[in-house]
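Only one structure is covered here, and it is reproduced in the block below.
The values are calculated or read from the model by the stated rules, or taken from the named source; none is laboratory data. Keep in mind it's a predicted model, so treat the numbers as computed, not measured. Cβ placement follows ideal geometry from the backbone for every residue including glycine, while neighbour counts extend to all protein chains displayed.
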Amino acid sequence: MPNVRRPKRGSRAFYPRVRARRPYPRIEKWPSSSDVKPLGFAGYKAGMTHVMAINTNTNMTTKGQLISRAVTVLDCPPIFVLGFKAYSNTPQGLKPVADVLAEKQNKELERKFVVKKIKPLDEQLKRLDGQKVAKVRLLVHMKPGFKKKPEVFELAIGGTPDKQLEYAKTVLGKDIKASELLKEGDFIDVFSITRGQGFEGPVKRFGIRIHGRKAQQMARKVGGKGTTEPGKVRSTVPQGGQHGWQSRMEFNKRIIKILPNGADAEPAGGFLRYGKVYGEAVLLDGSVPGPTKRLIRLRSPMRPPKTKYPSDVKSISRESKQGV
């Protein structure tokens, strides 16, 4: 008899499936770059629309034609540099040496944590004397237009440690716009926290098959949880648990368009469950994980494509998305 074959069923997603610690992700690894500038940015997911653009990719059969592309609109208000952190190399990895904070902080930061009395900048810089600084990273927080606690996170800087320190001193206490770091047609890596679904069973969480009516055990569970040895249930056995609200990353999302006025990307009636776009609007090709108003972190590509092609957008759809 011929062999009975069928493709594997169920999810092949990431492990472990645990809840994220906070509603915006961490970036543990940064690419190396000689450009002395921040290697990332962030924005809030406003919604989706579509654009009509000329396909400039010469490797596709529709090259030179007018095509429709679904895009995600990110509301990117300026980020405020509240300070920077210096690191030194140790056998255990990077170790923080000193934190330098701007003397004047934004009042919105008090909604996140208590801002203590900050010493003068000259006294704070003395902590770096005699230290072997290997990395310098910016401490920034978002400035959303809607009522929300400003998210605080780090941004890596390209270049040598000396140039990183000089750049950090120049932007301390200032705003950085998305148009100063991002360019149309570039590729970026996207980090986000997915939409939380709460506790779900193995059918929805892993996509396993529901047993028939003659199954002796429960219908919405796996038939067997494993072998006799090693005498425990492995973590890869589909079982109920947390579904969603997990940190995920996507490589090489293309920047379709950057609009200085975010209102130019708003559909009629505004984005559903978001409201007005206050900052610059960054349009990314395709979808992005997470619901609306979720912070999306952007990073310079870790493994960028070999070829880049320009972006030629002819029109942006501003039809109403209510009820879609």
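This table checks each residue for (1) over 29 Å from Arg22 (Cα atoms); (2) in the same structural domain as Ile255 (by TED's automatic domain parsing); (3) in contact with a helix residue (DSSP H, G or I) (Cβ under 9 Å, 6 or more places away or on another chain).
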| position | (1), (2), (3) |
| --- | --- |
| Gly286 | no, yes, no |
| Arg294 | no, yes, no |
| Arg303 | no, yes, no |
| Lys306 | yes, yes, no |
| Tyr309 | yes, yes, no |
| Asp312 | yes, yes, no |
| Ser315 | yes, yes, no |
| Arg318 | yes, yes, yes |
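Which of the residues that make up segment 240-260 are more than 18 Å from Pro291 (Cα to Cα) and of a type in the set (Lys, Arg)?
To start, the set of residues in segment 240-260 that are more than 18 Å from Pro291 (Cα to Cα) comprises 240-241, 251-252, 254-260.
Result: Arg254, Lys257.
Yes/no per residue for (1) under 24 Å from the mean Cα position of the chain (by Cα); (2) at pLDDT below 95:
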{"residue": "Asn3", "(1), (2)": "no, yes"}
{"residue": "Gly10", "(1), (2)": "no, yes"}
{"residue": "Tyr15", "(1), (2)": "yes, yes"}
{"residue": "Arg19", "(1), (2)": "yes, yes"}
{"residue": "Tyr24", "(1), (2)": "yes, yes"}
{"residue": "Ser32", "(1), (2)": "yes, yes"}
{"residue": "Ala42", "(1), (2)": "yes, no"}
{"residue": "Gln92", "(1), (2)": "no, yes"}
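Among the residues in segment 296-303, are any over 18 Å from the mean Cα position of the chain (by Cα) and touching a residue at least 60 places away in the same chain (Cβ under 8 Å)? No, segment 296-303 contains no residue that is over 18 Å from the mean Cα position of the chain (by Cα) and touching a residue at least 60 places away in the same chain (Cβ under 8 Å).
Return the residues of segment 63-91 that are charged (D, E, K, R) and in contact (Cβ under 8 Å) with a residue 24 or more places away in the chain; say none if nothing qualifies. Spell out how you get there, then give the answer.
So in segment 63-91, the residues charged (D, E, K, R) come out as 63, 69, 75, 85.
Arg69, Asp75, Lys85 - these are the residues of segment 63-91 that are charged (D, E, K, R) and in contact (Cβ under 8 Å) with a residue 24 or more places away in the chain.
Quick one: which of Thr56, Thr61 is loosely packed, with under 13 Cβ neighbours inside 10 Å, modelled with pLDDT of 90 or more, among the polar types (S, T, N, Q) and in a loop (DSSP other than H, G, I, E, B)? Going through Thr56, Thr61 in turn, the sole match is Thr61. Look at segment 14-28: where a residue is in the same structural domain as Pro289 (by TED's automatic domain parsing) and a partner is of a type in the set (Gly, Ala, Ser), sitting 6+ places away or on another chain with Cβ atoms under 6 Å, you get Ala20/Ser247; Pro25/Ser247. Scoring Arg273 on the criteria (1) crowded, with 20+ Cβ neighbours inside 10 Å; (2) part of a loop (DSSP other than H, G, I, E, B) leaves a single failure, condition (1). One residue stands out among those in segment 201-218 that are in contact (Cβ under 8 Å) with a residue 24 or more places away in the chain and surrounded by fewer than 15 Cβ atoms within 10 Å (Cβ to Cβ): the one that is farthest from Pro25 (Cα to Cα), which is Arg209. The set of residues in segment 175-216 being of a type in the set (Val, Ile, Thr) and part of a loop (DSSP other than H, G, I, E, B) consists of Thr194, Ile208, Ile210.
Taken together, Lys308, Lys314, Lys276, Lys293 contain a single residue that is over 20 Å from the mean Cα position of the chain (by Cα), under 23 Å from Lys148 (Cβ atoms) and touching a residue at least 12 places away in the same chain (Cβ under 8 Å), which is Lys276.
Going residue by residue through segment 89-112, is there one that turns out to be part of a helix (DSSP H, G or I), touching an Asp or Glu at 6+ places or on another chain (Cβ under 8 Å) and over 30 Å from Ile256 (Cα atoms)?
No, because not a single residue in segment 89-112 is part of a helix (DSSP H, G or I), touching an Asp or Glu at 6+ places or on another chain (Cβ under 8 Å) and over 30 Å from Ile256 (Cα atoms).
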